[in-house]
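The values are calculated or read from the model by the stated rules, or taken from the named source; none is laboratory data. None of these values were measured; they are calculated from a predicted model. Methodologically, a virtual Cβ is constructed for each residue, glycine included, from the backbone with ideal geometry; neighbour enumeration extends over all protein chains shown. Keep in mind that these areas ignore ligands, DNA and RNA; they rest on the heavy atoms of the full protein, side chains included. Shrake-Rupley method; radii C 1.70, N 1.55, O 1.52, S 1.80 Å.
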Amino acid sequence: MTTIGFIGLGAMGAPLAGRLLDGNRVYGTNRTQAKATALIEQGLIWRNTPREVAAASDVVFSMVTDDTALAAITGGDDGILAGLRSGAVYVEMSTVSPRASRELAARVRAAGATMIDAPVSGSVPAAESGTLTIMVGGPESTFHTVEPMLSTLGSAITHVGGNGKGLLLKLAINISLAAQMLAFSEGLLLAKHGGIDPELASRAMTASAIGSPMLKVRAPLALDLPEHAWFDMRLMHKDIRLALTAARASNVPLPTATTADAMLSRAEKLGYAHRDIAGLFQVLDRLADAEPKAA
């Protein structure tokens with residue numbers, strides 16, 4: 001039995017912590033304890049602060065929303081760094097900036113522990129089923145130490161290089177995710193406004209050469225947008241902006257990411273910040289209705 005800590009028990013963190021409960025002692029905390037009720041009933045041991053979780057654990061996991069949230073759980077008297085054991089492993093799974101992750105890894109090393117960044121690709125259903133794709137940056141020896149745990153969470157785990165490299169690859173993947181969803185939504189809208197039944201068009205499009213695994217599972221959501229997002233617009237927008245920042249540092253042009261950035265900004269202004277990215281179809285449809293019709 002390994003003693004594990006998990007900080008950040010939100011939509012993605014909760015199912016991951018739940019999978020780690022099998023055969024391990026798991027300590028956890030979250031900004032809102034109510035979100036951990038089901039996990040506590042399954043055996044998770046609640047602690048009030050990230051520091052207490054880290055102090056009780058050999059391997060510490062975290063998954064939060066952004067750089068600001070990561071700084072909040074790692075720094076200060078109650079943060080992870082204050083409680084991290086010498087020789088412990090810290091698996092940081094949030095999608096944050098590679099720069100922030102590298103800086104945190106250096107602070108973890110100074111505390112006598114080691115850190116890997118292990119962001120995931122996949123949404124809530126994949127987290128629940130343990131079929132996420134996980135990209136890992138950090139020391140290879142540390143990666144091998146926790147690889148069995150990561151295999152509980154994902155079906156495709158790749159060590160891609162030093163600290164921050166896992167995050168850079170995650171951002172690269174999310175450029176395509178946003179671009180695919182936007183392009184599919186544009187095509188579906190063109191078909192609909194040309195008099196083609198959108199459900200028929202969606203089935204034909206996803207059965208064609210463009211039918212990626214992501215589009216096949218999200219196409220139905222575009223036509224019947226769920227209230228609870230698998231991956232919301234606000235988080236996708238954050239990732240696209242992180243990608244653009246990384247690209248500027250390397251003088252890399254990202255034209256589709258730039259377009260996605262603009263469209264996600266419009267989506268948020270229309271009230272879609274917390275709706276799934278499949279809602280891009282609805283956003284475009286609303287914009288089309290607002291445009292004056294050609295004579």
If you go through the range 249-262, how many residues are open to solvent by 70 Å² or more (accessible area, probe 1.4 Å), assigned to a helix (DSSP H, G or I) and modelled with pLDDT of 95 or more?
4
Anything in the range 214-238 that is outside any helix (DSSP H, G or I) and in contact with a strand residue (DSSP E or B) (Cβ under 7 Å, 6 or more places away or on another chain)? List them, or say none.
Leu225, Pro226, Ala229, Trp230, Phe231, Asp232
Tally, over the range 271-282, of residues that are surrounded by fewer than 16 Cβ atoms within 10 Å (Cβ to Cβ) and over 17 Å from the mean Cα position of the chain (by Cα)
1
What number goes with the only condition from (1) open to solvent by 50 Å² or more (accessible area, probe 1.4 Å); (2) within 26 Å of Gly13 (Cβ to Cβ) that Ala207 does not pass?
(2)
Arg85 versus (1) outside any helix (DSSP H, G or I); (2) open to solvent by less than 50 Å² (accessible area, probe 1.4 Å): which is the lone unmet condition?
(2)
The range 1-23 - residue that is in a loop (DSSP other than H, G, I, E, B) and open to solvent by less than 40 Å² (accessible area, probe 1.4 Å) and, of those, nearest to Glu52 (Cα to Cα)
Gly8
When Leu39 is evaluated against the numbered criteria (1) closer than 24 Å to Ser97 by Cβ; (2) without any contact (Cβ under 8 Å) to a residue 40 or more places away in the chain; (3) in contact with a Gly (Cβ under 8 Å, 6 or more places away or on another chain); (4) not in a loop (DSSP other than H, G, I, E, B), which criterion, by number, is the only one it fails?
(1)
Scanning for something surrounded by 17 or more Cβ atoms within 10 Å (Cβ to Cβ) and within 17 Å of the chain's Cα centre (by Cα), does the range 101-110 turn up at least one residue?
yes
Starting from the range 231-250, keep only residues that are of a type in the set (S, T, N, Q), then list their pairs with residues that are open to solvent by less than 20 Å² (accessible area, probe 1.4 Å) whose Cβ atoms are within a distance under 8 Å, requiring at least 6 positions of separation or different chains.
Thr245/Ser97
For the range 57-104, name all the residues that are farther than 14 Å from Asp239 by Cα, among the charged types (D, E, K, R) and in contact (Cβ under 8 Å) with a residue 12 or more places away in the chain.
Asp58, Asp77, Asp78, Arg85, Glu92, Arg102
What's the number of the only condition in (1) open to solvent by less than 10 Å² (accessible area, probe 1.4 Å); (2) within 29 Å of Gly76 (Cα to Cα) that Met181 fails to meet?
(2)
Are any of the residues in the range 120-136 modelled with pLDDT of 95 or more, of a type in the set (S, T, N, Q) and open to solvent by less than 10 Å² (accessible area, probe 1.4 Å)?
no
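Given the options His237, His228, His193, name the one that is open to solvent by 20 Å² or more (accessible area, probe 1.4 Å), closer than 28 Å to Leu167 by Cβ and not aliphatic (A, V, I, L, M). Give the derivation first.
Details: His237 fails: open to solvent by 20 Å² or more (accessible area, probe 1.4 Å); His193 fails: closer than 28 Å to Leu167 by Cβ.
Just one listed residue meets the conditions, His228.
If you take the residues of the range 159-189 that are of a type in the set (Val, Ile, Thr) and touching a helix residue (DSSP H, G or I) at 6+ places or on another chain (Cβ under 6 Å), which of them is farthest from Leu264 (Cα to Cα)? Don't jump to the end; show me each part of the working.
The initial filter retains those residues of the range 159-189 that are of a type in the set (Val, Ile, Thr), namely 160, 173, 175.
Those still in the list that are touching a helix residue (DSSP H, G or I) at 6+ places or on another chain (Cβ under 6 Å) too: 160, 175.
Details: Val160: 29, Ile175: 12 Å.
Ranking the candidates gives Val160 first.
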